[in-house]
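Asker: Take this structure first; my questions come after.
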Protein chains: 2
Amino acid sequence: MIRVPFENLLAELARALLTLGFEADRAELCARLFAETTRDGVYTHGMNRFPRFIATIRNGSVDVGARAELVQTMGALERWDGHFGPGNLNAYACMERAIALARQHGIGCVALARTNHWMRGGSYGWQAAEAGAVGICWTNTLANLPPWGGLDARLGNNPLVMAAPRSSGPVVLDMAVSQFSYGTLEAYSRSGRELPVPGGFDEQGELTRDAAAIERSKRALPIGYWKGSGLSMMLDLVAAVLSGGNATRQIPLDPLRETGLSQVFIAMDARSFDASQVADGIIEFSRSAAPVQVGRPVRYPGEQTLRLRAENMLAGVPVEEQIWSDLLAM
Amino acid sequence: MIRVPFENLLAELARALLTLGFEADRAELCARLFAETTRDGVYTHGMNRFPRFIATIRNGSVDVGARAELVQTMGALERWDGHFGPGNLNAYACMERAIALARQHGIGCVALARTNHWMRGGSYGWQAAEAGAVGICWTNTLANLPPWGGLDARLGNNPLVMAAPRSSGPVVLDMAVSQFSYGTLEAYSRSGRELPVPGGFDEQGELTRDAAAIERSKRALPIGYWKGSGLSMMLDLVAAVLSGGNATRQIPLDPLRETGLSQVFIAMDARSFDASQVADGIIEFSRSAAPVQVGRPVRYPGEQTLRLRAENMLAGVPVEEQIWSDLLAM
């Protein structure tokens, strides 16, 4: 792991994306989204995911030149077609449009079909909050999680994002519906550590904290067991209904060919509301709870982001050495 | 427990509500919402909750004559004031308004302040779905759940409802953010049965399936541990910001004085979309998973409701004998 100044990371990413055929302004935005995700400490969906992003461009899953396009409007609700363009650019454009609709109508919704992996979902929550909007968005994914009561993967690990503006830093929840991602399970399994809470079933069908056993059974847990299972199904259903695009069951199972996703972006204009005051009150109230571990007060969603962002802007953004040298060689 | 024909239950409820000062049309709707909740098998929020509803009318928390009123419009997003009227009537009126806004703008949102407990949240999901709309709504509650990392109750057990229309029966998720309600914990504790999955911490701070131990520690679990904790905080924050009403921290802690809640009702007009086809495909796909228990296929949110509804319409709606005789005596 090395630390790279944020501006260098941004410049190298933009340069590399130009060589892949991105137009200049889109190379810059795409680079910024990857660099900011890494800077904010969401390493799994920033630079660590960049090689896979490149691979999906090279195998034709992602069309670098395609732009999301309006296909149907109902006023404050619009349907867009992602034309299999870069997932983060499509998502950014659609949240931008939802915010514009919200400024016009109070609330705006863009349902996006035929798009690609949006990388860090939280990016679009931050985007909404920084524009003074409450943002709610979610995506479906390929099937990688068994539903409650079932043995085979039939659910996506669909992330749900909710964000609200706040003058001293937005509150942003970015939450997938599985208790632990397969990436996290792999990290625990490799290190031999126990999961902090049960993360799935072992091959005997018992709840377990043994990540390796869950990898073998392929039975990771949705959050809240039957509840997260229902939530995942609902997110998939609403995304597919509103966008007219694919449901999880129609998305290719190969992660390198996971394309044609459906997403929903909702924004509510909160510029005239007292969002900061409300958020500060809620955060203060949470922190007034006696902590389980002395000296570790309750945190709010997004709190860690601001700390990691400050740290990484100062010390440089952590990037795997191999990924950095591959980027420089592009 | 006795079984009462649905129509009798409806008639007795409406009669009783008239004696409490409800106007005729409102007595009828309020009665219908209570009767349907019980008929649909959500016993905790139907007749079993009616005595508490009466108590909150008698102690002045609920004003039977108050109607929710529009206070601010931004087009497709409106703020309403519940004036401390009956929670189910206010919620029904606001979802009705959100549906009307959705028919006009594609999406509609009503944020409601100063209301009361909405009883079964799922009612407003069914309402939206039966009108051909995708419905999303949630409420905050008094603080009754410790946040992740904290020992004291600082979160509400805020229910989130998502619903989509489907010709052979809507798909309706009605999910509170705690793994088990205190009512459920009490039932397990009384019967001495173990919870099916860990539901909270014991007094030593260990995860446990012992409901009585959780009642003693008062540390029930949010779904997904840190995830449900963040989700609960977000639902509270967005409800309070959009409505301009109270956050959980401002709601009286006595369940009989739990008033001044904030709620959000969102509807998207799906009448021209293929909601049934999408839902059928997703349900069929889930059911194609090998079941954990032979003969028990994976269920979708709301599936059980239709079965219980049919059963209770045929055999009569189950009501506690004492509650029924108290109702007759009103």
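The values are calculated or read from the model by the stated rules, or taken from the named source; none is laboratory data. Note that the structure is a prediction, hence the values are computed from the model and not measured. Here the Cβ is made from the backbone with ideal geometry for all residues, glycine too, and neighbour counts use every protein chain on show. Areas reflect the complete protein model, heavy atoms only, side chains present, ligands, DNA and RNA absent. Shrake-Rupley method; radii C 1.70, N 1.55, O 1.52, S 1.80 Å.
Asker: Among all stretches of chain A without exposed trypsin sites (Lys or Arg not before Pro) (DSSP loop, at most 15 other Cβ atoms within 10 Å), which one is longest?
Answerer: Between the exposed loop sites, the longest stretch runs A:1-192.
Asker: Continuing with the same structure: Take the alpha carbon gyration tensor of the protein assembly as shown, find the square roots of its eigenvalues, order them as a ≥ b ≥ c, and report rounded if a/c is under 1.5; if not, report prolate when a/b exceeds b/c, else oblate.
Answerer: Since a/c reaches 1.5 and a/b is larger than b/c, the shape of the protein assembly as shown is classed as prolate.
Asker: Can you give the Kirkwood hydrodynamic radius of the stretch A:24-170 from its Cα pairs, in Å with one decimal?
Answerer: 16.1
Asker: What residues have an amide H closer than 5 Å to that of B:LEU261, excluding those fewer than 5 places away on the same chain, when H is modeled at 1.01 Å from N in the peptide plane?
Answerer: B:ARG114, B:THR115, B:ASN116
Asker: Let me ask something else. Can you pull the accessible area of A:ASP274 for me, 1.4 Å probe, Å² to the nearest 10?
Answerer: Ignoring ligands and nucleic acids, A:ASP274 comes out at about 100 Å².
Asker: In terms of the Cα gyration tensor, with a ≥ b ≥ c the square roots of its eigenvalues, is the stretch A:162-237 rounded because a/c is under 1.5, prolate because a/b exceeds b/c, or oblate?
Answerer: It comes out oblate by the Cα gyration axes.
Asker: For the stretch B:253-299, what log10 I(q)/I(0) values come out of the Debye formula at q = 0.17, 0.19, 0.29 1/Å, with one point per alpha carbon and no solvent?
Answerer: Values returned for q = 0.17, 0.19, 0.29 Å⁻¹ are -0.71, -0.73, -1.07.
Asker: While we're on this one: Output wanted: per-residue J couplings in Hz (rounded whole) for the stretch B:299-311, from phi through Karplus 6.51 cos²θ - 1.76 cosθ + 1.60, θ = phi - 60°, x for Gly and Pro.
Answerer: 9, 10, x, x, 4, 5, 4, 5, 5, 5, 4, 4, 4
Asker: While we're on this one: Can you tell me how chain A classifies by the Cα gyration tensor, rounded, prolate or oblate, using a/c under 1.5 as the rounded cut?
Answerer: It comes out rounded by the Cα gyration axes.
Asker: Give the aspartates and glutamates whose C-alpha is closer than 16 Å to that of B:LYS218, dropping any in the same chain fewer than 8 places away, or say none.
Answerer: Of all the aspartates and glutamates, those that pass the test against B:LYS218 - Cα under 16 Å, at least 8 places apart if same chain - are B:ASP152, B:GLU186, B:ASP202, B:GLU203, B:GLU206, B:ASP210, B:ASP254.
Asker: From the helices alone, meaning DSSP H stretches of at least four residues, give me the mean residue ellipticity at 222 nm for chain B, per-run term -39500 (n - 2.57), in deg cm²/dmol to the nearest 500.
Answerer: Calculated at 222 nm, the ellipticity per residue is -13000 deg cm²/dmol.
Asker: Rounded to the nearest 100 Å², what's the accessible area chains B and A bury against each other, both chains counted, probe 1.4 Å?
Answerer: For B against A, buried area totals roughly 6800 Å².
Asker: Still on this structure: Ranked from the most accessible area to the least, with a 1.4 Å probe and all protein chains present, what is the order of B:LEU242, A:LEU151?
Answerer: A:LEU151, B:LEU242
Asker: Right, something else. Could you order A:TRP80, A:TRP138, B:TRP148 by accessible surface area, starting with the largest, using a probe radius of 1.4 Å?
Answerer: Correct descending sequence by accessible area is B:TRP148, A:TRP80, A:TRP138.
Asker: How big is the gap, in Å, between the Cα center of the stretch A:61-122 and the Cα center of the stretch A:247-281?
Answerer: Each part's Cα centre sits 10 Å from the other's.
Asker: Apply the Karplus parameterisation 6.51 cos²θ - 1.76 cosθ + 1.60, with θ equal to phi minus 60°, to every residue of the stretch B:220-237 and state each ³J(HN,Hα) to the nearest whole Hz, in sequence, with x for glycine and proline.
Answerer: 5, 9, x, 4, x, 6, 5, 6, x, 4, x, 5, 4, 4, 5, 4, 4, 4
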